[in-house]
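Some notes on the structure that comes next.
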Amino acid sequence: ASTDRVWFVLTDPPCIARYLYGATVITDWTVGAEILFQGEFEGTKWQDKGVVREFSQGSRLAYDYWSGSCGLADRPENYARVTFSITPNQNGIVLAIEQIGYASQQSSESSGQGWDQMLASIKAIAEE
């Protein structure tokens, strides 16, 4: 898939819903803007949130992220940072996802498994 196509999949709300558990994403992607993630799981509505920290068209996207399910208060020190980086190489592109600021080792391991699944979904969507 092309850089433009992968970037589209990362930033288009209907595409995001396809790889992010059906979540509705609300943001205008402006640095400093709020980003909301909303959905429903087993009949319970949920909403996570964050702030867009970096938006470099076609190459890098980062946002701070807080989830009510983490069990921590909604304070800046309890937000994780999620960064997507797209790097061209001789075989096409490499999409890297980094998340820092986990609440616990268990949270890190659980999130890592989720990101692996999401990467596979992002790849499949981008190659359609």
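The values are calculated or read from the model by the stated rules, or taken from the named source; none is laboratory data. These figures come from a predicted structure and were not determined experimentally. Counting neighbours? That spans all protein chains shown, and the Cβs are built from the backbone with ideal geometry, glycine included. For accessibility, only protein heavy atoms count, side chains too; no ligands or nucleic acids. Shrake-Rupley method; radii C 1.70, N 1.55, O 1.52, S 1.80 Å.
Can you name every residue in the range 1-11 that is part of a helix (DSSP H, G or I) and open to solvent by 50 Å² or more (accessible area, probe 1.4 Å)? Break it down stepwise before answering.
Residues of the range 1-11 that are part of a helix (DSSP H, G or I), as a first pass: 3-11.
Across the range 1-11, the qualifying residues are ASP4, ARG5, PHE8.
Provide a single number: the residues in the range 101-128 that are within 15 Å of the chain's Cα centre (by Cα), open to solvent by 90 Å² or more (accessible area, probe 1.4 Å) and at pLDDT 80 or above.
3
Could you list all residues from the range 12-54 that are open to solvent by 30 Å² or more (accessible area, probe 1.4 Å), part of a strand (DSSP E or B) and farther than 16 Å from TYR79 by Cβ?
THR24, ILE26, GLN38, GLU40, PHE41, THR44, LYS45, TRP46
Here are some conditions: (1) touching a Leu at 6+ places or on another chain (Cβ under 8 Å); (2) hydrophobic (A, V, I, L, M, F, W, C); (3) over 15 Å from TRP115 (Cβ atoms). LEU10 meets all but one. Which one does it not meet?
Evaluating LEU10 over (1) touching a Leu at 6+ places or on another chain (Cβ under 8 Å); (2) hydrophobic (A, V, I, L, M, F, W, C); (3) over 15 Å from TRP115 (Cβ atoms) leaves (3) as the failure.
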